[in-house]
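Take a look at the structure set out below.
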Ligand code: ATP
C-alpha cells in the first residue's frame with residue numbers, strides 16, 4: 001500500500017529492494033498491491049476500501065506507506081485512517097522503532113543506538129482507544145475532553161515485548177538497560193498500572209537492568225546522555241514523540257525503520273509521515289521505509305524459522321551500512337543533493353555485492 005505524499009516514491013524504492021533480494025535468494029514472495037489513501041478516495045470514494053483489511057489479515061507481512069490522514073475528509077465522506085485501522089483491527093500492539101547513529105552521518109548526538117518499544121493500540125490515541133465511539137469529545141461548545149486508556153493487559157504485553165527485545169539486543173556492554181518512560185507523578189493511576197506491569201516483567205529478566213524515568217527528563221537525557229538507553233518501553237503518545245526525537249537526533253527522520261506487530265503478522269511502516277512538503281520532488285529519503293521492510297523480513301524469518309528471510313533482512317541492514325560507509329549519495333535531509341533514485345540504486349548495488 002503506497003499511501004500518500006512521498007509514499008509512492010519510497011514504496012517504489014522498497015519494491016526494487018524486495019525484488020532484488022527475492023531474486024538473489026529465491027524467496028517465495030507473492031506481492032499484492034492495494035490502493036489506499038487519497039488515490040483510492042478518488043477512484044473508490046474511500047481511503048481504505050473494504051477488502052484491504054481482509055487481504056492484510058491473511059498476509060504474512062504488510063507494507064504500508066505513510067498516510068496523510070490530516071487531510072482526509074470525515075469518515076462519513078470516506079476518510080478512514082488506514083494506519084490506525086490496521087493497528088487496531090489486527091491488534092498490532094507493539095511499535096518497534098530503532099534509532100542509531102551511522103558512521104559519517106552528521107547527527108545531533110554521537111552515541112545513540114536504541115530501540116523504542118511503543119504501546120500501539122491504547123494510551124492517548126483517543127481516535128482509536130475505545131471499543132465503540134471516540135475518546136475525544138465536547139460536552140458543550142468550548143470544552144474538550146480527551147481520554148487516555150491504559151490497561152493491565154496492554155501494559156504487560158508491551159513490557160514483555162520490550163524485555164524480549166532487550167534479551168536479544170547485541171551490544172558491547174555487560175548489561176542491557178530497559179527504561180520504562182512514564183509520567184506517574186501526574187498520571188498516578190494510569191502510569192501506575194503501566195509501571196506495575198513493567199516492574200513485574202522485569203523480575204523475570206534478572207540479566208537486564210531495569211530503570212524508570214519521567215518522560216520530560218527522558219527528552220533531556222536523550223540529548224545529553226543517549227548512550228545510557230538501549231531499550232525504551234513506553235505508552236503510545238510518549239513513544240510517538242520520543243521516537244521522532246531519537247531518529248532526528250541520530251541524523252534524520254528519514255533514517256529509522258519501524259514495524260508494528262502483535263503476536264502474528266508484522267506491518268512495515270516508515271517512522272516518518274507523508275512529508276507533503278517534499279512530495280513529487282524525488283528527494284525523499286527511502287531508507288526508513290527500506291529498513292522497515294528489512295525489520296519485517298527479520299520478524300517473519302524468526303517467527304517462521306525461515307533462514308532465507310533472516311538473510312534477506314541482513315542483506316538490507318548491511319547494504320544500508322555499506323551505503324553510509326561509502327558516503328556518496330545522501331538526500332537533502334542528510335545535507336546531500338542525491339535523489340531517492342540515486343540512494344535506491346546505491347543500496348541495490350551494495351546488495352548485489354553481498355553473499
Ligand atoms: P505524521 O503526522 O503523518 O507522522 P509528521 O507531522 O510527523 O507527519 P512528516 O511527514 O514525518 O511529519 O515530516 C516532518 C518533516 O520531516 C518534514 O519537513 C518532512 O519533509 C521531513 N521528512 C519526513 N520524512 C522524510 C523522508 N523520508 N525524507 C526526507 N525528509 C523527510
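The values are calculated or read from the model by the stated rules, or taken from the named source; none is laboratory data. Here the structure is a predicted model, which means the values were calculated and not measured. Note that we place each Cβ from the backbone using ideal geometry, even for glycine, and neighbour counts take in every protein chain shown.
Would you call residue 128 touching a residue at least 40 places away in the same chain (Cβ under 8 Å) and within 15 Å of the chain's Cα centre (by Cα)? Against the criterion (touching a residue at least 40 places away in the same chain (Cβ under 8 Å) and within 15 Å of the chain's Cα centre (by Cα)), residue 128 does not qualify.
Residue count for the range 50-79 under the criterion of being in contact (Cβ under 8 Å) with a residue 24 or more places away in the chain, away from the ligand (no atom under 16 Å from the Cβ) and closer than 26 Å to residue 306 by Cα: the result is 7.
Taking the conditions (1) under 23 Å from residue 226 (Cβ atoms); (2) more than 26 Å from the chain's Cα centre (by Cα); (3) not in a loop (DSSP other than H, G, I, E, B) in turn, residue 174 satisfies each one other than (3).
Let's see how each residue does on (1) in contact with a helix residue (DSSP H, G or I) (Cβ under 8 Å, 6 or more places away or on another chain); (2) assigned by TED's automatic domain parsing to the domain that holds residue 63; (3) surrounded by fewer than 21 Cβ atoms within 10 Å (Cβ to Cβ); (4) within 13 Å of residue 231 (Cβ to Cβ):
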{"residue": "79", "(1), (2), (3), (4)": "yes, yes, yes, no"}
{"residue": "87", "(1), (2), (3), (4)": "no, yes, no, no"}
{"residue": "102", "(1), (2), (3), (4)": "yes, no, yes, no"}
{"residue": "111", "(1), (2), (3), (4)": "yes, no, yes, no"}
{"residue": "114", "(1), (2), (3), (4)": "yes, no, no, yes"}
{"residue": "118", "(1), (2), (3), (4)": "yes, no, no, yes"}
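Might you check whether a residue that is over 15 Å from residue 105 (Cβ atoms), within 15 Å of the ligand (Cβ to nearest atom) and assigned to a loop (DSSP other than H, G, I, E, B) occurs anywhere in the range 322-334? Scanning the range 322-334 turns up no residue that is over 15 Å from residue 105 (Cβ atoms), within 15 Å of the ligand (Cβ to nearest atom) and assigned to a loop (DSSP other than H, G, I, E, B).
The set of residues from the range 34-52 being assigned to a loop (DSSP other than H, G, I, E, B) and at positive phi comprises just one member, 45.
Does the range 242-261 contain any residue that is within 16 Å of the chain's Cα centre (by Cα) and more than 26 Å from residue 323 (Cα to Cα)? Within the range 242-261, one or more residues are within 16 Å of the chain's Cα centre (by Cα) and more than 26 Å from residue 323 (Cα to Cα).
Of all residues in the range 66-112 being assigned to a loop (DSSP other than H, G, I, E, B), within 27 Å of residue 325 (Cα to Cα) and in contact with a strand residue (DSSP E or B) (Cβ under 9 Å, 6 or more places away or on another chain), which is modelled with the lowest pLDDT?
Initial filter on the range 66-112 (assigned to a loop (DSSP other than H, G, I, E, B)): 66-68, 72-74, 78-81, 90-93, 101-112.
With the extra rule that they be within 27 Å of residue 325 (Cα to Cα), the set shrinks to 101-112.
If we keep only those that are in contact with a strand residue (DSSP E or B) (Cβ under 9 Å, 6 or more places away or on another chain) as well, we get 101, 112.
On the way: 101: 93, 112: 96.
So, considering only residues that are assigned to a loop (DSSP other than H, G, I, E, B), within 27 Å of residue 325 (Cα to Cα) and in contact with a strand residue (DSSP E or B) (Cβ under 9 Å, 6 or more places away or on another chain), the one modelled with the lowest pLDDT is 101.
Does at least one position in the range 38-49 carry a residue that is touching a residue at least 40 places away in the same chain (Cβ under 8 Å), outside the structural domain of residue 120 (by TED's automatic domain parsing) and touching a helix residue (DSSP H, G or I) at 6+ places or on another chain (Cβ under 8 Å)?
If we filter the range 38-49 for residues that are touching a residue at least 40 places away in the same chain (Cβ under 8 Å), which is where we start, we get none.
Within the range 38-49 (the criterion being touching a residue at least 40 places away in the same chain (Cβ under 8 Å), outside the structural domain of residue 120 (by TED's automatic domain parsing) and touching a helix residue (DSSP H, G or I) at 6+ places or on another chain (Cβ under 8 Å)), the answer is no, since none of the residues qualifies.
Inclusion of residue 237 among residues that are surrounded by fewer than 22 Cβ atoms within 10 Å (Cβ to Cβ), farther than 15 Å from residue 115 by Cβ, within 16 Å of the ligand (Cβ to nearest atom) and modelled with pLDDT of 95 or more is warranted. Restricting attention to the range 243-262 and to residues that are in a helix (DSSP H, G or I) and within 13 Å of the ligand (Cβ to nearest atom), the residue that is modelled with the lowest pLDDT turns out to be 254. Within the range 277-304, being more than 19 Å from the chain's Cα centre (by Cα) and part of a helix (DSSP H, G or I) holds for 277, 278.
Consider residue 19 carefully, then state whether it is loosely packed, with under 15 Cβ neighbours inside 10 Å, over 30 Å from residue 353 (Cβ atoms) and more than 16 Å from the ligand (Cβ to nearest atom). Talk me through it step by step, then tell me what you get.
Details: loosely packed, with under 15 Cβ neighbours inside 10 Å: yes; over 30 Å from residue 353 (Cβ atoms): no; more than 16 Å from the ligand (Cβ to nearest atom): yes.
For residue 19, the condition - loosely packed, with under 15 Cβ neighbours inside 10 Å, over 30 Å from residue 353 (Cβ atoms) and more than 16 Å from the ligand (Cβ to nearest atom) - is not met.
Filter the range 200-240 down to the residues that are in contact (Cβ under 8 Å) with a residue 24 or more places away in the chain and over 17 Å from residue 159 (Cα atoms) and list them by number. Correct list: 216, 218, 219, 222, 223, 226, 227, 228.
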